[in-house]
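In what follows, a single structure is set out as structure tokens and then discussed.
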2 protein chains.
Amino acid sequence: MKTILLVDDESRMLDLLALYLTPLGYKCVKKSSAVDAITYIEKNHVDLILLDVMMPEMDGWTACKEFKKIRDIPIIMLTARSEKPDIVKGLKIGADDYILKPFDEEVLVARIEAVLRRTTTEEEFLSFKGLLLKPASYELYFEDKEILLTPKEFAMVQLFISNRNKVFSRVHLIESVWGYGVSIEDRTIDSHVRNIREKLRRAGFPADEFLLTVWGVGYKWTGKE
Amino acid sequence: MKTILLVDDESRMLDLLALYLTPLGYKCVKKSSAVDAITYIEKNHVDLILLDVMMPEMDGWTACKEFKKIRDIPIIMLTARSEKPDIVKGLKIGADDYILKPFDEEVLVARIEAVLRRTTTEEEFLSFKGLLLKPASYELYFEDKEILLTPKEFAMVQLFISNRNKVFSRVHLIESVWGYGVSIEDRTIDSHVRNIREKLRRAGFPADEFLLTVWGVGYKWTGKE
DNA sequence: CTTAAATTTGAAGAATTTATGCAGAATGAG
DNA sequence: CTCATTCTGCATAAATTCTTCAAATTTAAG
């Protein structure tokens, strides 16, 4: 069962959304502020966030960025404004889609399903030759020894391990880990790769055999099973 | 380079779309009817279709279904800002996204890139008499032995193997591998060809039988299967 | 068989890309 | 606010690839 986090300052809207979605088999969690939502996300599993753009304390754009910092959960923005800059803004910040208010049930459901369909690939944990990566708790182990990774490092390792043998260009890495439209120097990627290798090595994992440099192209994690 | 097929009965709209997209490096193909579009799709590679909903002979919904029958190409519908139920209709039929008219350049591009990013499939591979080339991982094998290629070498081998029996002039090779407008000596091509042959030969693959010199013209990769 | 043109080959410098050390900036916790 | 961590990116060195030249060789044609 998928969990959808509803974030809106109007309780009427929260009720309405839950009314539509609960009968379809979604577990709905209502939060009336971004702050509450963040607190919830940090400790619970959420499959999708429905986020109202216009809220008093923290606006939707800021909230969206904050959510993405914590974990990469798909976000659909609910916006009353149909102005184009906002749409672009949302997509660049990392929103996966947006729905214009007022909406009708069909639009809502179609959008939600579309987003879930294309983002649902999360696994409980990833393992690779003694490495055990738990996305939910942000933990990485090598033979029961924990390797402490920073958020960026973790995101990169996760991306690599779940896409083995695929070469990622630095641009691609930036888009995947930092998000669309973020400008980061290529050398910064190198720095993170170095740190990852270092940490893995120090834990006893032969990083140099698996996290490879593809000269002139990017990096890839090699190896089968 | 990605190819975008533009389908609209209004030539002004076709021109406008192409005007936006061509400078961004997309190859645009304009068709003024769904029928023409279908004919084109059947015989050509297309990465994305921008499809206007309102057209005289065959409407966008029908067209969308017809396109999907031929091949699963991502489709973005261009739809008037008024009709909301249509959005659902489109998504259910198989459209990947929609753009409301009138749109501006930023929205258009953001949408297109978003769709391309999430529909671009990968991990095809090319094989040829014991050779196995994997573009996604930048790997080339001959009978389970890996052959390490540099970026230029890899691009050339990929080009040759995917265009067997076709003669490439040095000028053509430069345009394909280095890109338009890059000035490179013809001899440089020869050097790369030599290095490729050398590496293949050393791995046990009879390169001299397949990567042939066409005297006075260029090079070609020969062979069927 | 001879000659001119094209290609192959060897070698080396040029150019590009990556690794690494380091430090300031940004971020987050208390 | 202060301190610790993380992020970012520069500078330099090291590694790899790219490009070109020129000599040797091969090819096509008369």
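No value in this document is a laboratory result; all are computed from the given coordinates. Because the structure is predicted, anything quoted here is derived from the model rather than measured. Heads up, the Cβs are rebuilt from the backbone with ideal geometry, glycines too, and the neighbour counts pull from every protein chain shown.
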message: Can you say what percent of the DSSP beta bridges in the protein assembly as shown, counting only those with both residues inside, are antiparallel? Round to 5.
response: 50
Residue-wise HN-Hα coupling along region A:211-221, computed from phi with Karplus coefficients 6.51, -1.76, 1.60 (Hz; x: Gly, Pro): 8, 9, 8, 9, 4, x, 10, x, 10, 8, 9
statement: Scoring chain A by relative contact order with C-alpha pairs under 8 Å, at least six apart, yields a percentage of 13
- prompt: Per-residue HN-Hα couplings for region A:108-114, Karplus 6.51 cos²θ - 1.76 cosθ + 1.60 at θ = phi - 60°, whole Hz, x for Gly and Pro?
  reply: 3, 5, 4, 5, 4, 5, 4
statement: Of the listed pairs B:K31/B:K68; B:K43/B:K166; A:K220/B:K2; A:K220/B:K43; A:K68/A:K134; A:K2/A:K65, those with alpha carbons more than 27 Å apart are A:K220/B:K43
- prompt: Who wins for biggest fluctuation among A:D144, A:D47, A:D190 in a Gaussian network model of chain A, springs between alpha carbons below 10 Å?
  reply: A:D144
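Hey, what's the per residue convex hull volume over the C-alpha atoms of region B:126-221, in cubic angstrom?
In region B:126-221, the Cα hull volume divided by residue count equals 91 Å³.
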- prompt: Is it possible to state the helix-based mean residue ellipticity at 222 nm for chain A, with each DSSP H run of 4+ residues giving -39500 (n - 2.57), the sum divided by total residues, to the nearest 500 deg cm²/dmol? What is it?
  reply: -12500 deg cm²/dmol
- prompt: Dividing the alpha-carbon radius of gyration of chain B by 2.2 N^0.38 Å (N being the number of residues), what value is obtained?
  reply: 1.26
query: Taking the label point as lying 7 angstrom from Cα along the Cα-to-Cβ axis, what are the distances from B:T62 to the corresponding position in the remaining copies, in ascending order and in nanometres?
result: 5.2
message: If I fit a long axis through the Cα atoms of helix B:34-43 and take the longest principal axis of the Cα atoms of chain B, what angle between them do I get, 0 to 90°, rounded to 10?
response: 10
- prompt: Farthest toward the dipole's positive end in the protein assembly as shown, which of A:S11, B:M156, A:A95, given Cβ charges of +1 (Lys, Arg) and -1 (Asp, Glu) about the Cα centre?
  reply: B:M156
